[in-house]
Every structure is written in C-alpha cells, then in structure tokens.
Amino acid sequence: MVCIKKRFFNSNRLLLLPFGLWLGEKTIVTHLQATLLYSILISSVVFQLSRLFIAECSFDFIVRIFSSTSLYAMLTSLPIIFWIHMKTITYLFDQLQYIYDRLKDRNEIAIYDKYGYFANHVTTIIIILLVCGLCGNSVIIYLPFVLDIVVPKNESYAIRTMQFVTEYFNVSEKYYFLVLVHLTAASVTGAIVFTGTGTMLFSYLQHVCGMFEIASYRIEQAMASELLHKCHIKNRNVICRKMICAIDIQRQAMEFAKHLITSMEGTLFVMIITTVLCMTCNLFRIFQIESPMERMDEVLIHLLHLWAVLFILIILFLSNYVGQEVTDYSNHVYEITYNVSWYLAPLHIQKLILFLLERSHKIFTLSAGGLFTASIECFATLVKVSMSYFTFMYSIQ
C-alpha cells in the first residue's frame, strides 16, 4: 500500500509538525505547541488593536493600524480554523488514502499521481518564495542592529528603527525592541503555518480534480466502441459495472469538496474581506506619504506588508484557480457523458447515463459564505474591488 502522506504531503508535514498542527492524534505536546503558536499570533493582533483604545486616534493612525492588523489577522485565521477542524481535515485525508487504495487500473493511478505531484511541486515553489521573503524581511528589520556592531558610528543605525516603531505603534521607547521581536516572531510563524495550511487545502482540491478526471476516464472506458458493438450479456455487465464506478467516484469527489468548503466557509469569507482591507490600507499608506525618501522606514514597512499581501494573494489565486479547475473538471464529466455513444448502449445503461447527465448538468462550484465562488473571475473581482477602495480613499483624503 502506497502512503500518500509521504508521497504528496511531506512538505506540508515539515511546515506544520513543529507547531503541533500535523494530522494525527492530539497529544499534550501538540497542544502546548499549538497554544504557544496561537498565543503569539492572537496577542500580536490584540496588541495592535489595543493601540486604537490607548492612543489618541486620527484617521491616519487608524489606517496605519488596520494596515498592519489586517495582515496579522489573515495569518491567524486560517491556522485557527485548521486546528478547530483537525478531525475533519484528518477524516478527509483518510478518504483520500481510501480512494487511492481502491484504484486498480494503472491509468487511474497515474491520473491520481499526476495531481498529487503537481500540488507537491506548487507547495515546494511557495516554500522557496516564503524562505526568500522571510530572509529579506529579517535583513530589513535587523540590519541596523548588525551594522551597529560591525560598522559602529557616532549615531546608532538602530535609533531610526526605534523611533519608527515607537511612533508607528505609539509605544514607549523602552518597550520598542520587545514589540519588534514579538511582531517579527508572529509574522514569521504565521507565514509558515499559513503556507502549510493553505497549500494543504490546495492539495486536497487538486486530488478532487483528479477524482473527476478518473470519473471521465471510467465513462470513456465503459462506453468504448468495442464493448457497445458486441453487446452480449458479459459486456453489458462490464459496462454497467464501470458506469457505476464512474458515478461513485464522481459522487465521492463532490461530497469531499463540499465537506471541505462547508467546514471552512466562514473563515474563508472573513479572509477574503480581510485581504481586500489589508491591500487597500497598505496601498493607501504608501501613496499617502508625502516625502518617501525622508520616510524610507515607513515605506519599507508598508512594502513588506504589501509583499506579504502579494504572497497571500498568490495563495488566494491558487485557491480560486483550483476552485475553477474543480468546476471545469466537473463540467468535463458532463461533456464526456453527453458525447459518448450512449444511444448504442442497452436501455438500462442509458438510464444510468441519464441519471449521470441529470446530476452533472448543474454547475458544481465551491462557494464561501454564499457570496464568493472560487473562480478566476472571483479573484479578478477581488483585486478590482481593492483597487477601487484604494482609489476612493486616496481621492477623498
């Protein structure tokens, strides 16, 4: 028996295991790891929101805080819902393994492997981008402290960082380094866990695409011309059995996708709204700075935020892309069923085909909150909405 956990999900395991979020039984150690992770993430959001109640608020200060808080909220929401629905995620993983174990045809196994390997390659690429981004983030934040040691001057390099942090978050100078370390730790751990959980869901939906393609393959094999033209009792049984198997794996794919999205649609809905807010606020803050060269520290921090938003937009694009693929492959099952030589099949086989056509003619989509349907069009709409809000805020300032 081939273990798909080792074959297709090893990269996700490396990202999630240190934080106690990998699939399996929850132990005291995993509870401690997850508690520490969520303490860091949630406290970073609470700290930034608390500035709105402690400091003297202005429109500029509110936008500044929301540009940062919305980013950390995105990094926090998906891992939390992943932990809450760990039993569901594990159950769905077991379903993937069960479906894989039942495949006997060499071509069907190759189809399943194709989508598993593709998801694994995409995960590897995103991890490489994540490592590059985190290294660049660390260099920008901690380079002044390194220069103070390596190339000391009369005026400390880090003093500008201190002034920026204390002004940006309205905190005392004696706490600025603690705030800097806290937020950096939250952003690094949040980005790693967000990547692990996001690519895990992407891989799940890629396997759903594989199931739909296997259903199409089974229909084509069942309605092959050599079987239809020699339609004796043995061939009738073969056709009937293959059609039933095709209908069964299509049903499993649809139920799997619905179960996955239904368990997380609330969080996905919040993440979509938060992503739009985060990109809008950070774009607004960058274009609001009157003298970028004099405020290079603030420009850099918002560019870092925008890089993080870009990274999350990549995840969202992949989510919408795979949602579009799920819809397309579901429609492909309908097209294959419609185009086969069903009229040559026996009457009881034609009834099965009619049942399959009746179920497949409705467009199968993945919807979050009943408002956002995963598709390329939806992704383009979200980007367009973000730019519209930014344009509106910039025009009325």
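Quote the relative contact order of the chain in percent (integer), defining contacts as alpha-carbon pairs under 8 Å separated by 6+ residues.
Dividing the mean separation by the residue count of the chain yields 22 percent.
Among Phe364, Phe194, Phe145, which one shows the highest mean-square fluctuation when the chain is modelled as a Gaussian network with alpha-carbon springs under 10 Å?
Comparing Phe364, Phe194, Phe145 in a Gaussian network model of the chain, the most mobile one is Phe145.
Can you give the local net charge around Arg218? Use residues other than it whose beta-carbon is closer than 13 angstrom to its beta-carbon, Lys and Arg +1, Asp and Glu -1.
0
Taking K and R as +1 and D and E as -1, what net charge do the other residues with C-beta under 10 Å from the C-beta of Arg13 add up to?
Once positives and negatives cancel, what remains is +2.
Could you compute the longest span of the chain free of GluC sites (Glu not before Pro) located in DSSP loops and having at most 15 other Cβ atoms within 10 Å, not counting the site residues?
For GluC sites (Glu not before Pro) (loop position, at most 15 other Cβ atoms within 10 Å), the longest site-free span of the chain is 156-289.
Ranked from the most accessible area to the least, with a 1.4 Å probe and all protein chains present, what is the order of Asp105, Asp113?
Greatest to least solvent exposure: Asp105, Asp113.
Using only protein heavy atoms and a 1.4 Å probe, report how much of Leu143 is accessible, in Å² to the nearest 10.
Approximately 80 Å² for this residue.
Scanning the chain for helices, which whole DSSP H stretches are 30 Å or more long along the axis (Cα) and average -0.5 or more by Kyte-Doolittle? Before the final figure, lay out each step's value.
Values: long enough: 28-54 (37 Å, 1.49); 59-84 (36 Å, 1.41); 106-150 (62 Å, 1.15); 176-222 (68 Å, 0.93); 233-288 (77 Å, 0.63); 296-339 (61 Å, 0.74); 376-396 (31 Å, 1.14).
Membrane-span-like by this rule: 28-54, 59-84, 106-150, 176-222, 233-288, 296-339, 376-396.
Determine the per residue accessible area of the chain with all protein chains present and a 1.4 angstrom probe, expressed in square angstrom.
Accessible area per residue: 49 Å².
Roughly how much of His31 is accessible, in Å² to the nearest 10, using a 1.4 Å probe?
90
Show His259, His121 ordered by accessible area, largest first, where the area counts protein heavy atoms only and the probe is 1.4 Å.
Sorted descending by solvent-accessible area, the residues read His121, His259.
Beyond a 24 Å Cα-Cα separation, which of these cross-linked pairs lie in this structure: Lys258/Lys351; Lys87/Lys258; Lys87/Lys362; Lys114/Lys258; Lys114/Lys242?
Over 24 Å Cα-Cα: Lys258/Lys351; Lys87/Lys362.
Would you look at the GNM of the chain, springs on alpha carbons closer than 10 Å, and say which of Val333, Val139, Val276 moves the most?
With Cα springs under 10 Å in the chain, the top fluctuation among Val333, Val139, Val276 is at Val139.
Give me the net charge of Val171's neighbourhood, meaning all other residues with Cβ under 14 Å from the Cβ of Val171; Lys, Arg count +1, Asp, Glu -1.
0
What whole-number volume per residue, in cubic angstrom, does the convex hull of the C-alpha atoms of the chain give?
160
What's the carbon and sulfur percent of the chain's accessible surface, probe 1.4 angstrom, rounded to a whole number?
Taking all protein chains in place, the chain shows 65 percent carbon and sulfur surface.
What order do Val326, Val122 take when sorted by accessible area (1.4 Å probe), most exposed first? Working shown, then result.
Details: Val326 0, Val122 20 Å².
If we order Val326, Val122 from most to least accessible, we get Val122, Val326.
The values are calculated or read from the model by the stated rules, or taken from the named source; none is laboratory data. Bear in mind the structure is a predicted one, so any value in this text is a computation, not a measurement. Reconstructed Cβ throughout: ideal geometry from the backbone, glycine too, with neighbour counts over all protein chains shown. Each accessible area value is taken on the protein alone, full model and side chains, heavy atoms only, with ligands, DNA and RNA left out. Shrake-Rupley method; radii C 1.70, N 1.55, O 1.52, S 1.80 Å.
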